[in-house]
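To start, the structure under review is shown below, and the notes come after it.
The values are calculated or read from the model by the stated rules, or taken from the named source; none is laboratory data. Worth saying up front: this structure is predicted, and the values here are computed from it rather than measured. Counting neighbours? That spans all protein chains shown, and the Cβs are built from the backbone with ideal geometry, glycine included. All accessible areas refer to the heavy atoms of the entire protein, side chains included, with ligands and DNA or RNA removed. Shrake-Rupley method; radii C 1.70, N 1.55, O 1.52, S 1.80 Å.
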Amino acid sequence: MKRLLILGGGTAGTMMANKLAPVLEENEWQITLVDEYETHYYQPGFLFIPFGIYNKNDVIKPKRDFYPSNVEVIMEQVEVIKPKENQIVMKSGKVIGYDLMIIATGSKVHPEETEGLKEDGWYKNIFDFYTIEGAVALRNFLKYWEGGKMVLNIIEMPIKCPVAPLEFVFLADWWFTEQGIRDKVDIKYVTPLPGAFTKPIAAKFLGQFLEKKNIQIVPEFSTGRVDSENNKIISWDEREIDYDLLVTIPTNMGSEVIARSGMGDDLNFIPTDPHTLQSKDYENIFVIGDATDLPSSKAGSVAHFEADVLYENILRAVDGRPLKSAFDGHANCFIESGFNKGILIDFNYDVEPLPGKFPLPGVGPFSLLEETRMNHWGKMTFRWVYWNLLLKGAELPIEAQMTMAGKKRQ
Amino acid sequence: MAEKTLAGKTVQVDDEGFLVNPDDWTEDMAPELAKEIGIDELTDKHWEVIRFMRKDFAEKGQIPSIRRMKNAGGIPTKDLYAMFPEGPAKKAAYIAGLGKPHGCV
């Protein structure tokens, strides 16, 4: 019996288990999934918790509900991966061998990487919203906040869901308006990037939104340290910004097990072929989702498009056939823009977000790089799609590869 | 593709003046490249950074990030910002002839 090992039962690992379990020959292949945690978080929902739109129960379900019944599940921490020996060693010392392995160990935030960030101000007037704890603590703070200087700060790139910080300030503008205190809140968007986004057309478009909503952007600010006693963030080149409330996106890093196994770069992301998703160092290891070092967004939509390509390549590896170089960096992101409206962007490694209609060219119902109510509706419906279709590996009516149909070059 | 002459040698550069082929680069081009972006003198500490970047690029095939320069090269981030103001990753790569570091999405 051969073993396909999946490390990580988050969005990407669960999708892969659900896609492969029905098709791999059960007499030949045992699928084993390893994940030490019980709870699956709908991470895109964290954004809505600080504003009371979702609560904790809206974004959690047991991971087990989504694992296929014929997959062996091991709930334990992995101590180390030994890729040269095709083995992993569990914390208990138990050794598990594999023939093929999919690494889907994700990424998480590390506030302790920045001097002064996780000290006296942490969860008092400094919050993240990329964890359930941070999102809930920020909710409790915002409920009673009477206004002041709010700074949204991205410590360094890359981060998961690079549009979430923008969505946060757009929603904050709306929420403070609803509370009747918008005139008492000064909002700054502080980013290490030269603009609101990485790609020029979208950066310009989204930059106009910040301006319209009276949110000041501070570009090219790389945070060196936080002085939580005096409520300041200080850049590496000694520029200072005062805050009363700091909403921070800390450094994002891959799993510690990758570091312990010596398989990652300086942020514990695994060198991965950008088109086949095969590990650059080991031919029987594949990497998906946030765990990769690909120059694509770290986002659920990317994991979803990668899963379609990886599914095919795992079957090819099983059959001993050459891999397909089919992944193009496709990402698709709804950007909640406040006041029940949203923006949608669709792009890949080579083509930046462009205006147009999606997914049906000329028809929609969604509009690319444009603010509409329908886009907001798409974002809110996505939670149902995620739990009921996406995680279960169902086919969605969107191709894995980006298409130019329906898009307008500028 | 644009060209320019550095230390008496003609090399290909991109729209922003970054060398297209890192192999075209020689150490005597560095002071000229540095002047172009407002760094008048390359100190020993600058050279430590440039040489680490060249060596790491040759070994790994990737332009080292600021974090990698700290972890693997032992160069404090604060020093990098002081030596190469307003964007050390980009400026140091420019002087070291390594092409533009690709940002992340």
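Check A:Asn55, A:Asn140, A:Asn86 and return the single one that is outside the structural domain of A:Ala303 (by TED's automatic domain parsing) and more than 30 Å from A:Pro194 (Cα to Cα). Before the answer, list the steps.
Values: A:Asn55 fails: outside the structural domain of A:Ala303 (by TED's automatic domain parsing); A:Asn86 fails: outside the structural domain of A:Ala303 (by TED's automatic domain parsing).
That would be A:Asn140, the only listed residue that is outside the structural domain of A:Ala303 (by TED's automatic domain parsing) and more than 30 Å from A:Pro194 (Cα to Cα).
Looking only at region A:135-178, which residues are buried (at least 19 other Cβ atoms within 10 Å of the Cβ), in contact with a helix residue (DSSP H, G or I) (Cβ under 6 Å, 6 or more places away or on another chain) and small (Gly, Ala, Ser)?
Within region A:135-178, A:Ala135, A:Ala164 qualify.
Which strands (runs of 3 or more DSSP E) does region A:1-74 wholly contain that include 1 or more residues that are of a type in the set (S, T, N, Q)?
In region A:1-74, A:29-34, A:39-41 are the strands (runs of 3 or more DSSP E) which contain 1 or more residues that are of a type in the set (S, T, N, Q).
Looking only at region B:40-60, count every residue that is open to solvent by less than 50 Å² (accessible area, probe 1.4 Å) and out of contact with any Leu (no Cβ under 9 Å at 6 or more places or on another chain) and tell me the total.
5
Give me a count of the residues in region A:196-232 that are among the β-branched types (Val, Ile, Thr), over 15 Å from B:Lys78 (Cα atoms) and at pLDDT 95 or above.
3
Within the bounds of region A:99-108, is there any residue that is part of a loop (DSSP other than H, G, I, E, B), under 18 Å from A:Pro165 (Cβ atoms) and among the β-branched types (Val, Ile, Thr)? Show your work before the answer.
Residues of region A:99-108 part of a loop (DSSP other than H, G, I, E, B): A:99, A:104-106.
Subsequent filtering for residues that are under 18 Å from A:Pro165 (Cβ atoms) retains none.
There is no residue in region A:99-108 that is part of a loop (DSSP other than H, G, I, E, B), under 18 Å from A:Pro165 (Cβ atoms) and among the β-branched types (Val, Ile, Thr).
Out of curiosity, is A:Gly134 away from chain B (no Cβ under 14 Å), modelled with pLDDT of 95 or more and at positive phi?
Values: away from chain B (no Cβ under 14 Å): yes; modelled with pLDDT of 95 or more: yes; at positive phi: no.
Judged against the criteria, A:Gly134 is not a match.
Restricting to region B:76-96, name every residue that is touching an Asp or Glu at 6+ places or on another chain (Cβ under 7 Å) and surrounded by 21 or more Cβ atoms within 10 Å (Cβ to Cβ).
Passing the criteria: none in range.
Does region A:269-289 hold any residues that are buried (at least 23 other Cβ atoms within 10 Å of the Cβ) and within 12 Å of chain B (Cβ to nearest Cβ), and which are they?
Correct list: A:Phe269 only.
Does A:Val23 fit the bill of being more than 30 Å from A:Ile249 (Cα to Cα) and either at pLDDT 95 or above or under 23 Å from the mean Cα position of the chain (by Cα) (or both)?
Details: more than 30 Å from A:Ile249 (Cα to Cα): yes; either at pLDDT 95 or above or under 23 Å from the mean Cα position of the chain (by Cα) (or both): yes.
Yes: the conditions hold for A:Val23.
Please give the number of the condition B:Thr43 fails out of (1) out of contact with any helix residue (DSSP H, G or I) (no Cβ under 8 Å at 6 or more places or on another chain); (2) touching a residue at least 24 places away in the same chain (Cβ under 8 Å).
(1)
In region A:356-382, which residues are among the hydrophobic types (A, V, I, L, M, F, W, C), crowded, with 17+ Cβ neighbours inside 10 Å and not in a helix (DSSP H, G or I)?
Matches in region A:356-382: A:Phe358, A:Phe366, A:Leu368, A:Leu369.
Answer yes or no as to whether A:Pro353 is outside any strand (DSSP E or B) and either touching an Asp or Glu at 6+ places or on another chain (Cβ under 9 Å) or buried (at least 17 other Cβ atoms within 10 Å of the Cβ) (or both).
Against the criterion (outside any strand (DSSP E or B) and either touching an Asp or Glu at 6+ places or on another chain (Cβ under 9 Å) or buried (at least 17 other Cβ atoms within 10 Å of the Cβ) (or both)), A:Pro353 qualifies.
For region A:290-311, give me each residue that is part of a helix (DSSP H, G or I), within 14 Å of another protein chain (Cβ to nearest Cβ) and either open to solvent by 40 Å² or more (accessible area, probe 1.4 Å) or of a type in the set (Phe, Trp, Tyr) (or both).
A:Phe305
Those residues that are more than 22 Å from B:Asp23 (Cα to Cα), assigned to a loop (DSSP other than H, G, I, E, B) and within 11 Å of chain A (Cβ to nearest Cβ), I need them from region B:54-100; list them, please.
The answer is B:Ala72, B:Pro76, B:Phe84, B:Pro85, B:Glu86, B:Gly87.
Kindly indicate whether A:Ile88 is at pLDDT 95 or above, part of a strand (DSSP E or B) and out of contact with any helix residue (DSSP H, G or I) (no Cβ under 8 Å at 6 or more places or on another chain).
Here the answer is yes, as A:Ile88 does meet what is asked.
Filter region B:1-52 for residues that are among the charged types (D, E, K, R) and part of a loop (DSSP other than H, G, I, E, B); which is nearest to B:Met69 (Cα to Cα)?
In this case the residue turns out to be B:Glu41.
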